[in-house]
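Chemist: Here you go, one structure.
Derivation of every value follows stated rules applied to the coordinates shown; laboratory data play no part. In this text, all values refer to a predicted model and were calculated from it rather than measured experimentally. Ideal geometry is used to build each Cβ from the backbone, glycine not excepted, and the neighbour counts take in all protein chains shown.
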């Protein structure tokens, strides 16, 4: 079992808070009832369930609340193993500040976004896809999945303001994701277990893993990297800074670094493209055609949890109405 959005599990703190609120409400009801009746006459005029059972409806409501909150975190059940379609293509998208340059249509990041969507549309359904983004940090947006809609929704169309570029670290992280999912390949293998498609303007600006070293490691693991360069030598971005209450805007040159991207592709036996001339993307997955690997596929179980929560609420309402003549 895996959780797609584990941070949403913090909402489960609402369960004990709701239980505490219920106990406070019950004590208030008991005090009000005591003022209108005599305790010795209550057995003759009030039909109550056994003391331990009176809390069952509230418990059912709390269970329903917990199930709904866990469902919001999108739990996935890993089912079985597969021996086909195991190959993975990892999309690695640059969101650094230089990708805001408008020397290729709308902007470099918009061009990369459009290309990534077109790539997903063409990628055969038998391959899994993962999505990473990087600027001065690397973020795994989508674990390897067959769900094209989930992958498409994670493709960035905006930059990270003032973000640097960590090409080497991005390659390292993408390599780790691939190897963890399908294992290592053989250097120069005709049918490697996975491939990367790196969309960037190339220039590494932050201290981190050297792109050349990362590419060499990818070659050792048998994972080719296909690269696409976006931009021209005339690209610029506008960077604003505020000092002493005054805002100044600086024009910064951000020429595309095609050399770095082409060397990465060459080192790993991949293919180098330019964003303006990329038409045939099938080269990225052609060499994965006959590969198969064992793996497990995740199935969303949030609907099952929602149905269980609904049944718990219905049971709680029925018991509360039968025993107390009220919903809660």
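Chemist: Rounded to whole Å, give me the distance from the Cα center of segment 103-136 to that of segment 15-29.
Modeler: 50 Å
Chemist: What is the antiparallel percent of DSSP beta bridges lying wholly in segment 84-293, to the nearest 5? Walk me through the numbers on the way to the answer.
Modeler: Working: 13 of 34 bridges.
DSSP beta bridges in segment 84-293 are roughly 40 percent antiparallel.
Chemist: Provide the packing ranking of 121-129, 65-73, i.e. peptides ordered by the mean count of other C-beta atoms within 10 Å per residue, highest first. Spell out each step's value before the answer.
Modeler: On the way: 121-129: 16.4, 65-73: 18.8.
Top of the packing list down: 65-73, 121-129.
Chemist: Using the beta-carbon distance between residue 239 and residue 125 and R0 = 41 Å, what value does 1/(1 + (r/R0)^6) give for FRET efficiency, to the nearest 0.05?
Modeler: Values: r = 42 Å, r/R0 = 1.03.
The formula returns an efficiency of 0.45 here.
Chemist: Moving to a separate point now. Between residue 207 and residue 248, 0.36 nm times their residue separation minus their Cα-Cα distance comes to what? Could the numbers behind the result be given before it?
Modeler: Values: separation 41, 0.36 × 41 = 14.76 nm, distance 2.67 nm.
Value of the extension gain: 12.1 nm.
Chemist: Right, something else. Give me the extension gain from residue 25 to residue 315: residue separation times 0.36 nm, minus the current Cα-Cα distance, reported in nm with one decimal.
Modeler: On the way: separation 290, 0.36 × 290 = 104.40 nm, distance 2.07 nm.
Fully extending the segment from residue 25 to residue 315 adds 102.3 nm.
Chemist: Related question: How large are Rg and Dmax for segment 97-167 when calculated on the C-alpha trace, in angstrom?
Modeler: 12.8, 38
Chemist: Now a separate question. Please report Rg over Rh for segment 84-293, where both radii come from the alpha carbon positions and Rh follows the Kirkwood definition.
Modeler: On the way: Rg = 16.7 Å, Rh = 17.0 Å.
Taking Rh as the inverse mean 1/r over Cα pairs, Rg/Rh reads 0.99.
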